[in-house]
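The next block holds one structure in the form of structure tokens; read it before the comments.
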Amino acid sequence: MGDLLESINPATGVVLARRPQTTGSEVELILEKAVKAQRIWKEKSFGDRAQALNAFSKAIKEAEQELAFLMAAEMGKPWKQGVAEVEKCAQCLSHFAQHGAEYLRDETVQTEAAKSYVSRHPLGVVLGIMPWNFPLWQVIRALAPTLMAGNGFILKHASNVSGCALALLQVAQNALPPDIFSIVLISGSEASKLISDPRINAVTLTGSTEAGKKIAAAAGQRLKKCVLELGGSDPYLVLEDADVAVAAKICTTSRLINAGQSCISAKRFIVHSRIKNEFEEAMLSEMESKTIGPPLGEFDLGPLARKDLRDNLHGQVTRSLDKGAILLCGGRVPTGAGNYYPPTLLTQVKPETSVFREETFGPVAAIISAESEEEMIRLANDTSYGLGAAVFSRDTHRAEKIGSKIEAGNVFINDFVKSDVRMPFGGVKESGYGRELGMLGIREFVNAKTVWVA
């Protein structure tokens, strides 16, 4: 038996649970059962699979209060945001139940053959390695299309939210066939080893760029398909003709969702010099209006999920101030219990500073001034990441043209970046590859088989 997996309440520091890791013999049994279950599941009709996913959607909605409470306790998510996350999971399951058959239908191709088409078939059992920041949504957005396509799914969740993983499995057991969805409580290193097992046919990971490189290497050694949704340092471009008050409100909302612990939350705010002062004042007002406190209270931000994450974030702020950035608000570690960190706004940020160059996983916003449209685009692309971006302008046609030049998997105009079950989601560069959600997402883990009838 390996080390115990600890769940610690980030608001109080109290240990909620210590759970033993899944043993090697237990993993073996889970794999055997998953393979058998998938062989049966793949023969089910789309209608039968849809019925199961709809039942899961209903069950997860009925467990909304319990699941939201668990997310608040294990990773500090404010109660209202937890409820919204559960509802989004239910919608995702329902969406793929409704549209899965359409997304995966045979596709006729006109050739000189009597008949030629592309049919899509499941790959087998998919290993999902998921993070703690959206403990249910990250799982469901991978699980729903994977199951609807006829695959099985084994979840390796982040150790600090193992309670959420087990609760989700319990809810699923009332709706899904046995063993088509299962969980292993193992370390990251053990997960990398699991990829080499021939019964694992593909891998999907949401996590850090460094974790993604390790998983990609492990999958590559075995020539297994993988989808990687990794880190981000999303640029939000605020043009000189933007509605500053609206832009500042949207930018602040994006930066502070989930206490800033999101790959696609806004990180770098590239503002035209003509409106920089006005934007700073508006965003400072928005940031200072936000409340911070226990996740079960009526607060905008809860604590960060772990103390080491807060320490790393504060180090990024400190190093950036040493490089000449100016602190407008926040930037101090509160005393007392809990991993709290205040909404923090930095200006005069340059490309050599930590908050520009690195992913900041917490409520820290960096304002960068630019003199022209061309400079804004250059600064936006001056990053190893490429997950999301936004452009704010009253001229939406101009904003779209600028957005087309930004190296990112998602570009939003006059709104903050978000995942939508109807649209593909993913990144480029060191933000990963492959897509989740929408038609492209469900087609990631299928065999696109060419059929030619002479």
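The values are calculated or read from the model by the stated rules, or taken from the named source; none is laboratory data. None of these values were measured; they are calculated from a predicted model. All Cβ positions, glycine included, derive from the backbone under ideal geometry; neighbour counts span all protein chains shown.
Quick check: is even one residue across segment 362-380 in a loop (DSSP other than H, G, I, E, B), touching a Leu at 6+ places or on another chain (Cβ under 6 Å) and either outside the structural domain of Gly260 (by TED's automatic domain parsing) or closer than 22 Å to Thr209 by Cα (or both)? Yes: segment 362-380 contains one or more residues that are in a loop (DSSP other than H, G, I, E, B), touching a Leu at 6+ places or on another chain (Cβ under 6 Å) and either outside the structural domain of Gly260 (by TED's automatic domain parsing) or closer than 22 Å to Thr209 by Cα (or both).
Only residues that are in contact with a strand residue (DSSP E or B) (Cβ under 9 Å, 6 or more places away or on another chain) and surrounded by 20 or more Cβ atoms within 10 Å (Cβ to Cβ): list them for segment 306-329, please. Scanning segment 306-329 gives Leu313, Gln316, Val317, Ser320, Ala325. The one condition from (1) touching a residue at least 24 places away in the same chain (Cβ under 8 Å); (2) not assigned by TED's automatic domain parsing to the domain that holds Ser404 that Ala217 does not meet is (1). For segment 404-413, name all the residues that are in a loop (DSSP other than H, G, I, E, B) and either among the small types (Gly, Ala, Ser) or in contact with a Ser or Thr (Cβ under 7 Å, 6 or more places away or on another chain) (or both). Correct list: Ser404, Ala408, Gly409. Look at Pro198 and say whether it is modelled with pLDDT of 95 or more, surrounded by fewer than 19 Cβ atoms within 10 Å (Cβ to Cβ) and more than 30 Å from Asn9 (Cα to Cα). Yes; evaluated as a whole, the condition is true for this residue.
Just to verify a result, which residue in segment 40-63, among those that are basic (Lys, Arg) and part of a loop (DSSP other than H, G, I, E, B), is surrounded by the fewest Cβ atoms within 10 Å (Cβ to Cβ)? Looking at residues that are basic (Lys, Arg) and part of a loop (DSSP other than H, G, I, E, B), I get Lys44. In segment 382-403, of all residues being outside any loop (DSSP other than H, G, I, E, B) and touching a residue at least 40 places away in the same chain (Cβ under 8 Å), the one that is farthest from Gly302 (Cα to Cα) corresponds to Arg398. Exactly one residue out of Glu28, Glu102, Glu66 is among the charged types (D, E, K, R), farther than 24 Å from Ser182 by Cβ and assigned to a helix (DSSP H, G or I), and it is Glu102. The helices (runs of 4 or more DSSP H) found entirely in segment 243-328 that carry 2 or more residues being within 16 Å of Ser233 (Cβ to Cβ), assigned by TED's automatic domain parsing to the domain that holds Phe356 and not small (Gly, Ala, Ser) are 244-256, 307-322.
Residues in segment 404-443 that are among the charged types (D, E, K, R) and either out of contact with any helix residue (DSSP H, G or I) (no Cβ under 8 Å at 6 or more places or on another chain) or without any contact (Cβ under 8 Å) to a residue 60 or more places away in the chain (or both): Lys405, Glu407, Lys418, Asp420, Lys429. Whenever a residue of segment 39-60 is under 13 Å from Asn151 (Cα atoms) and in the same structural domain as Asp179 (by TED's automatic domain parsing), its partners that are of a type in the set (Gly, Ala, Ser) and surrounded by fewer than 20 Cβ atoms within 10 Å (Cβ to Cβ), lying with C-beta atoms within less than 7 angstrom and at least six residues away or across chains, give the pairs Phe46/Ala101. Considered as a group, the residues in segment 334-392 that are surrounded by fewer than 24 Cβ atoms within 10 Å (Cβ to Cβ), over 17 Å from Arg255 (Cα atoms) and β-branched (Val, Ile, Thr) include one that is modelled with the lowest pLDDT, and that residue is Thr335. In the set (1) farther than 19 Å from Ala50 by Cα; (2) in contact (Cβ under 8 Å) with a residue 60 or more places away in the chain; (3) charged (D, E, K, R), the condition left unmet by Asp179 is number (1). Taking segment 437-454 as the range and being among the hydrophobic types (A, V, I, L, M, F, W, C) and in a strand (DSSP E or B) as the test, the residues that pass are Val446, Ala448, Val451, Trp452, Val453.
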